[in-house]
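Just so you know, all these numbers are worked out from the coordinates, no wet-lab data involved. All values reported here derive from a predicted model rather than from experimental measurement. No Cβ is skipped: glycine too gets one built from the backbone with ideal geometry, and neighbour counts run over all protein chains shown.
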């Protein structure tokens, strides 16, 4: 009798596991297929528009050659520069901000955090118009959009302190106190104790800051409007999919997508662990 | 409304309990709002009292202070310099010199024009050299408003600094009177990496936020009270000027729009409703499906956990504009899906993924699930693994089946922990420009709403509408600004209500 | 080697909550003072104000005659051991202990000397290259103490250092702290919520409640002459029995009448009552469990029934209910009973008890103060 129950449990488990495997396989296919398609179509040379099949009839590098001959190089370089600068400066600014708000109890801390919470409720797009005018007064639009975009994205990045503050909050405060009793200044506490412990969140911040600009679209488009040399990849490649260009540029877009996605994805997969840690911590802390 | 004690509540039937909870929730809303106003009033009162106290303190400092202090009221930093605190003194003095210089050279000018936003627009004047009429530009409303706001910021900063300067003198006098030594410049520098390290760390980020977020928001909020648009750009054609609440009237009035279509308020209402539906569905479909996938991968006995996770995570890494644009085109009229299905002979006509309003809305939500699940899977995996295993063990001993375990343990735990995240995610989805804009651009167009600014479509959110207004032919900045303020109001209201009922904030310790 | 003096020290938080009220205390050079009290009584806050980790809202803290209110923690000449040890997780044990010395730019060979010395004293030499996470609780505790030791500080502060250890290890470490104290020969301030630790370690004990000092005294003083009801109940385990009853004066002799019995007050206590000319009145009578004995009946006896009998080994703890339902705890050395007597003490058994006349405490029911102080 007992034996029978046991067997029943096991078969039940096996059935449910099999179902899950089937579901997971379907999910994986759904999630991967578009990317497989994009890669396959980037090698299709017999036509440049959208077609009703996936496997190219003729394979070739023509789309990548087109890419090389277009402004894509410039866009790619632009985006890369923005991403690098953002990774450096945004990381510094966000760490300053989040460390301070996690560790110091100064008089304006509460009001400051509430103030930023309220600021965050305004749609960021609202400020686009004026930021554009300010940048254009500074000569940082159109062809010079790159420094302009860096400036704007770095300047407001202090608002995104939540995730890393959540991480800093998990480092016990008594470590700071012990170090201060041991004779460290606040700066030494940060430099010698907290930063070595905060490696995961530093990497997370660098990673997200670096990845952000690759998908940055609206503001980049607004700032560089009409001047191809100021585009980033997102803005540039978007123009290939407009109704008048798509028939000519669709496969080139696919090739460009591959070139953009591959390095970022590899970098991301290497640092996946830290990303997961940051994302989880941030969501829990809210 | 009748209030039940805990024991009375426990005797209610299930339906009554739910009714009671819902009742008391809605019953609590007016009180919460009243509480908010009371809080605001108290805040105002406190602010008023603080100002009075500060003024009293300033007067007292002047009356009781020595001559060094008294001179400091006019020449900032004098007291510090006279007492041997060179660095502080010089900084105060420098600030005062810069401020006065700025006000004389430019600030006064901008400030005087601020009430009118400029008197003289561009004029056509005879040019002797070129022997023709050319346009001569005069006032620039945009600059007047911008620099006017900046000047006001600067004045506030100056008043604050002046107050600090006065307070410094008072404190210095006290310290000297008690026979102690004042901190020298060297101590001041050292304290920047120690006692006042937080100020050092915050200086740069806060400057950035003030200049590139706060100032623009103040500016744009002010724009809502002007007639700034493409035809009144304040410089090369007409000046723009203050119009009071007219723009709010336009947006919220029921009269028909200029194009003969439906009124602005109807358009606004339609878009708002869709925005809320979208935010709700986008947030919760992703949340539950993402949690489901995470639970499948986490289940005991499932192998290759890492591989499944990596497959999904990979899609997080690929920049959204690529995946969204590509998938968007896949579902287009002549896109991969339609063409393939027609090649296979399954359909004769292309499916109207982006052409039919209902199809488009559903497609957007489904594709958003595709975009969002990996991310949610990541978030929930970590939390799921943190749920103490003994909770499940005890539930199993109590006789709970898998569904009951999920319903009674997993879900409450998850909702509790991710409550704040859900709220941010909801408001984030309300403003999810990328997904909508890159997939549909707001299409298909809503003909009834064509009277409103921008060509409004059935999948447009408030935020994409705002974008269209801004970049549209008429560039009705003032209207964009009003819409932006409305978005803020909606988001703030939702946050306020949710924050007041969210258990994670009310009973922070329950699950720790 | 220093004295610590607190004068009118107050802690008021931003939300106007007063955590510590007018705290006055003189701690002598090389004294071991223990702050003890239930959680939230302000003991840790006081310690942290001495350390410089919390601002002092009012009053002054002097170390060695110098007011240190405005000094940074590092400049106060203190060392501190934290409840959760606060070891730097990314540093080895050696680096942890050496951290403060290196910040002071002490030459490396001196650092080596001092760290290995401390490690030897604490018996952690073999773990010097390990990271804190590879250590057991007791070992971490030693490292934390080692880190404080090498600072050669004037005052040694310890914030509940043993509360994260299991009971057995706690007893062992308690003994080691006594030894350490003899070796270091410096001023100690020790915070705990455990009255046993306070009694065994302290030269003097400061008992706190809700931010107020309830009593300061040697372990003997606070045990034998608690100034108020709170101290009486807090010190001693199992805790003192409190009975509401009357104090009578007949023919120059004091009696108490708990539960209808009439028990004379004897010895020193009786004399002190007479000296203070205490009037007959309603009182709260305190009797420690060890001062209740089994009796055979009579005028002194209180009838009651046994509810629970806890066998502790060397003694029995009897929980008994009197006729009006009050619960009392009686502590009887096992050796006083033969096996026949013991076998009778089962739940439900009726018995008689009486209070020792010379070991009773009398509190005012209103003020809860000891009538003899």
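Quick notes
- The angle separating the long axis of helix B:86-102 from the principal Cα axis of greatest extent in chain B is about 80 degrees.
- Taking every DSSP helix (H) stretch of at least 4 residues in chain B, weighting each as -39,500 (n - 2.57) and dividing the sum by the residue count yields a mean residue ellipticity at 222 nm of -21500 deg cm²/dmol.
- Prolate/oblate/rounded label for the range B:3-133 (Cα gyration tensor, a/c 1.5): oblate
- Using C-alpha pairs below 8 Å separated by at least 6 residues, the relative contact order for chain B is 14 percent.
- Fewest-first ranking of A:26, A:194, using other Cβ atoms within 10 Å as the exposure measure: A:26, A:194
- Percentage of interatomic Cα-Cα distances in the range B:266-445 larger than 19 Å: 65
- Computed across the range B:260-328, the Kirkwood hydrodynamic radius from all distinct Cα-Cα pairs reaches 15.5 Å.
- Among C:58, B:8, a tally of other beta-carbon atoms within 10 Å of each Cβ gives an order, fewest to most, of B:8, C:58.
- For chain B, the longest principal axis of the C-alpha atoms and the axis of helix B:141-177 are separated by about 60°.
- With Cα atoms as the point set, the range A:29-74 shows a radius of gyration and Dmax of 11.8, 34 Å.
- Principal-axis tilt of helix C:167-184 within chain C, Cα atoms, nearest 10 degrees: 60
- Between residue C:28 and residue B:471, the simple label model (points 7 Å from Cα in the Cβ direction) yields a spacing of 8.2 nm.
- Size descriptors for the range B:65-244: radius of gyration and Dmax over Cα atoms are 22.8, 78 Å.
- The range C:238-363: C-alpha pair distances exceeding 24 Å, %: 28
- Here the residues A:118, A:20, ranked from fewest to most Cβ neighbours within 10 Å of their Cβ, fall in the order A:118, A:20.
- Within a Gaussian network of chain A (alpha carbon springs, distance under 10 Å), most fluctuating of A:195, A:40, A:112: A:112
- Quarter of Cα convex hull surface for chain C, i.e. mean projection, nm²: 22.8
- Only helical runs count toward this figure. For chain C, summing -39,500 (n - 2.57) over DSSP H runs of n ≥ 4 and dividing by all residues gives -8000 deg cm²/dmol at 222 nm.
- Across all C-alpha atoms in the protein assembly as shown, the radius of gyration and Dmax reach 37.8, 133 Å.
- With q set to 0.26, 0.27 Å⁻¹, the log10 of I(q)/I(0) for the range B:178-218, from the Debye formula over equal scatterers at the Cα positions, is -0.83, -0.86.
- Shape of the range B:144-303, Cα gyration tensor, a/c cut at 1.5: oblate
- Inter-label distance for residue C:58 and residue C:314, nm, one decimal - labels placed 7 Å from Cα along Cα-to-Cβ: 4.7
- Potential lengthening between residue B:236 and residue B:135 on full extension [0.36 nm per residue; Cα-Cα distance subtracted]: 35.5 nm
- Whether the range A:1-118 is rounded, prolate or oblate, judged on the alpha carbon gyration tensor where a/c under 1.5 counts as rounded: oblate
- Each 5 Å bin, from zero up to the one with the longest distance, holds this percent of the alpha carbon pairs of the range A:148-265: 2, 9, 14, 15, 13, 11, 9, 8, 7, 5, 4, 2, 1, 0.
- Alpha-carbon centroids, the range B:119-180 and the range C:25-72: separation in whole Å: 50
- The alpha carbon convex hull volume per residue for the range C:118-262 rounds to 157 Å³.
- Taking the helices alone, chain A has a mean residue ellipticity at 222 nm of -23000 deg cm²/dmol, built from -39,500 (n - 2.57) per DSSP H run of at least 4 residues and averaged over all its residues.
- Principal axes of the range C:85-187: Cα extent on each, largest first, Å: 40, 31, 21
- The gain in end-to-end length when the residue B:153 to residue B:199 segment is fully stretched comes to 14.6 nm, 0.36 nm per residue minus the alpha carbon separation.
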